[in-house]
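The values are calculated or read from the model by the stated rules, or taken from the named source; none is laboratory data. Because the structure is a prediction, the values reported are computed rather than measured. All Cβ positions, even for glycine, are placed from backbone atoms using ideal geometry, and neighbour counts span all protein chains on display.
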Amino acid sequence: MSTHLTTVSFARGTAPVSDTAVFEIFIKASPERIWEAIVDPEQRAQYSFGVSTQSDWTTGSPYRASAGPGGAVDIAAGENLVVQPPHLLVQSFNALWSDEVKAQGTTRVTWEIEQVGDSCRLTVVHDHLPESANAEIYGGWPMILSGLKTLLETGELLTTPGSLLHQE
């Protein structure tokens with residue numbers, strides 16, 4: 001049995017996944033500081049392709065992620081399934097930026113923050129992906145998480161597409 005793999009990403013490529021993609025990074029910051037950077041729309045836009053995410057961040061509440069002037073471009077939307085600051089955020093995720101990703105349906109993103117010494121392990125699990133999921137849905141996580149780490153540890157923006165789209 002042979003498997004045909006297609007790689008898609010901004011640089012070297014992201015291997016296709018089946019159902020679940022897991023990303024882990026260590027950040028020298030407190031759980032509270034990492035949580036703030038995840039839920040604060042201005043900070044989020046600095047490391048997440050210029051995307052601002054709006055919500056009241058309570059369990060069961062909706063969220064909306066948008067970009068462009070005045071948030072004119074819908075990027076994603078969903079529900080905050082579990083909100084336990086500053087350690088756990090579980091969200092349904094509906095990608096909206098193109099017809100191709102809209103057709104992928106609802107997936108789920110889990111952000112888990114765990115204190116490890118004077119740093120934290122941030123694990124992002126993007127699951128409930130359809131078979132042969134479009135890599136655009138999960139392929140940006142390495143840049144987003146690297147941008148978050150750089151911002152929190154240095155106060156500077158990382159020069160990747162994930163950060164360069166932020167307009168100050």
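For region 26-42, a residue qualifies if it is part of a helix (DSSP H, G or I) and either closer than 23 Å to VAL116 by Cα or without any contact (Cβ under 8 Å) to a residue 12 or more places away in the chain (or both), and the qualifying residues are PRO31, GLU32, ARG33, ILE34, TRP35, GLU36, ALA37, ILE38, VAL39, GLU42. Scanning region 133-156 for residues that are in contact with a helix residue (DSSP H, G or I) (Cβ under 8 Å, 6 or more places away or on another chain) and either assigned to a helix (DSSP H, G or I) or among the aromatic types (Phe, Trp, Tyr) (or both) yields MET143, ILE144, SER146, GLY147, LEU148, THR150, LEU151, LEU152. For VAL101, work out the one condition from (1) at pLDDT 90 or above; (2) closer than 28 Å to PRO86 by Cβ it doesn't fulfil. VAL101 satisfies all of (1) at pLDDT 90 or above; (2) closer than 28 Å to PRO86 by Cβ except (2). Of everything in region 106-119, what is aliphatic (A, V, I, L, M), touching a residue at least 40 places away in the same chain (Cβ under 8 Å) and surrounded by 17 or more Cβ atoms within 10 Å (Cβ to Cβ)? Give them in sequence order. Listed by number, the list holds a single entry, ILE113. Specify the residue that is modelled with the highest pLDDT; the eligible residues are those in region 38-56 that are within 17 Å of PRO142 (Cβ to Cβ) and aliphatic (A, V, I, L, M). Checking each candidate, the answer is ILE38. Counting only residues that are at negative phi, at pLDDT 95 or above and not in a strand (DSSP E or B), region 57-95 holds 6 of them. Comparison of ALA95, ALA65, ALA103 shows that the only residue that is under 13 Å from the mean Cα position of the chain (by Cα) and either surrounded by fewer than 17 Cβ atoms within 10 Å (Cβ to Cβ) or farther than 19 Å from ALA21 by Cα (or both) is ALA65.
Among residues of region 124-145 being surrounded by fewer than 20 Cβ atoms within 10 Å (Cβ to Cβ) and more than 14 Å from the chain's Cα centre (by Cα), the one that is farthest from PHE49 (Cα to Cα) is GLU131. For VAL125, the requirement of being over 22 Å from GLU156 (Cβ atoms) and in a strand (DSSP E or B) is met. How about region 75-85: which of its residues are surrounded by fewer than 17 Cβ atoms within 10 Å (Cβ to Cβ) and either within 19 Å of GLU42 (Cβ to Cβ) or in contact (Cβ under 8 Å) with a residue 60 or more places away in the chain (or both)? Correct list: PRO85 only.
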